[in-house]
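Reading through the structure tokens given below for one structure.
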Amino acid sequence: MQVILVFLAATLGLTYGYNTDGLQFSSKICLFAGITMIMPTLFNFKIKDIFLVLEHKKMILKGLLINFFALPLLALAIGLATKNFGIAAGVFLLSVLSGGGMVMHWIKKTGGDTSIGFILLFINIVFISLSLLMLHLFGVYTEEYFKVYYSDEITLSSFARGVIILLIVVPFIASRILLWFAKPVVELINKYRPIISNISIFLIITYLFALQNSQLLFEVYEFEPELVYISFLAVLAFYIGNFVIAKFSFDNTQAHENSAFWFTITRYITLALIISTFSISSFGATMLIPIMMAYIIQIPFAIYYSKKVK
């Protein structure tokens with residue numbers, strides 16, 4: 001059912017954008033994701049859980065090395081093989097953005113530790129500035145290989161601060177307020193969490209695929225349709241390699257390791273789509289295609305694997 005919702009939402013969004021002028025991006029979508037996807041998973045998080053960083057420091061360090069060293073190297077190799085600057089940049093961007101709004105849902109559904117999951121979410125969002133720096137360095141050192149000119153127009157440093165507020169601070173404060181003053185609301189949200197999650201996923205995907213820049217996919221397909229297939233194969237190869245690395249690095253049977261596992265196999269595709277939208281002038285419109293392919297691959301796979309693990 002969830003897989004059908006994902007494809008229906010993507011189709012609806014693209015159709016709407018194709019027949020209209022498309023939607024303008026608004027940061028409110030991040031706030032919506034934070035309240036509906038992240039906040040409900042924080043009801044079991046306690047302030048003292050912050051000390052889990054010390055208890056699981058080796059696992060956290062291992063996750064950081066995988067997400068900011070191993071996976072970028074994998075993405076770099078795949079990207080160079082595509083021989084397209086935009087596609088390579090899109091795959092590389094996926095490799096340096098770990099987790100996402102939906103990752104807490106998968107952790108909760110598969111019996112992972114949501115407390116350590118929240119800490120990992122916070123750490124990875126704080127490291128967004130590093131992700132943007134790595135993307136910039138990718139452009140600087142690969143432009144000669146792809147025989148293109150890379151113009152440094154990525155000015156998203158302040159964007160990282162906004163993401164932290166909308167996806168960490170606001171959901172956390174909202175969860176505390178509800179826990180202290182509205183316990184019946186907490187119980188109601190917990191009761192209907194699967195329904196809330198499905199509706200949220202549907203609305204978020206529909207909105208993102210209806211954005212104006214998302215419609216560039218039709219132009220690329222019209223003039224260079226082979227790039228769409230190349231993008232799909234590149235992203236599929238990345239996720240297969242990603243899964244193999246995560247499977248050998250973490251033990252799913254332990255709650256905290258299961259959380260780190262999900263933060264490795266899932267990429268922050270919502271944030272990646274936003275960043276790629278602002279980076280078209282630097283890397284080209286084809287950068288959007290791998291991110292869209294990631295929606296088609298990651299969400300159905302996460303749904304399938306979460307049921308298998310559960």
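The values are calculated or read from the model by the stated rules, or taken from the named source; none is laboratory data. These numbers come from a predicted model, not from an experiment. Cβ: placed from backbone, ideal geometry, glycine included. Neighbour counts: every protein chain shown. Areas reflect the complete protein model, heavy atoms only, side chains present, ligands, DNA and RNA absent. Shrake-Rupley method; radii C 1.70, N 1.55, O 1.52, S 1.80 Å.
Go through region 1-102 and tell me which helices (runs of 4 or more DSSP H), entirely inside it, have 1 or more residues that are open to solvent by 70 Å² or more (accessible area, probe 1.4 Å).
So the answer is 2-19, 28-33, 52-55, 57-65, 71-82.
Can you find a residue that is under 16 Å from THR41 (Cα atoms), surrounded by 18 or more Cβ atoms within 10 Å (Cβ to Cβ) and more than 23 Å from the chain's Cα centre (by Cα) anywhere in region 151-172?
Taking every residue of region 151-172 in turn, none turns out to be under 16 Å from THR41 (Cα atoms), surrounded by 18 or more Cβ atoms within 10 Å (Cβ to Cβ) and more than 23 Å from the chain's Cα centre (by Cα).
Within region 230-253, does at least one residue satisfy the condition of being acidic (Asp, Glu), open to solvent by 40 Å² or more (accessible area, probe 1.4 Å) and touching a Phe, Trp or Tyr at 6+ places or on another chain (Cβ under 9 Å)?
Within region 230-253 (the criterion being acidic (Asp, Glu), open to solvent by 40 Å² or more (accessible area, probe 1.4 Å) and touching a Phe, Trp or Tyr at 6+ places or on another chain (Cβ under 9 Å)), the answer is yes, since at least one residue qualifies.
Just to be sure before I move on: is ARG176 in a helix (DSSP H, G or I), over 23 Å from SER259 (Cβ atoms) and open to solvent by 20 Å² or more (accessible area, probe 1.4 Å) in the structure I sent?
no
Return yes or no: is THR270 at pLDDT 90 or above, β-branched (Val, Ile, Thr) and crowded, with 20+ Cβ neighbours inside 10 Å?
The answer is no for THR270.
Quick one: which of THR264, THR270, THR277 is touching a residue at least 12 places away in the same chain (Cβ under 8 Å) and within 27 Å of GLU143 (Cβ to Cβ)?
Result: THR277 is the single residue among THR264, THR270, THR277 that is touching a residue at least 12 places away in the same chain (Cβ under 8 Å) and within 27 Å of GLU143 (Cβ to Cβ).
Any idea which residue in region 279-310 is modelled with the highest pLDDT, counting only those that are of a type in the set (Phe, Trp, Tyr) and either closer than 20 Å to ILE201 by Cα or surrounded by fewer than 16 Cβ atoms within 10 Å (Cβ to Cβ) (or both)?
Checking each candidate, the answer is PHE301.
Quick check on region 205-228. Is at least one of its residues closer than 21 Å to TRP106 by Cα, open to solvent by less than 60 Å² (accessible area, probe 1.4 Å), small (Gly, Ala, Ser) and in contact with a helix residue (DSSP H, G or I) (Cβ under 6 Å, 6 or more places away or on another chain)?
no
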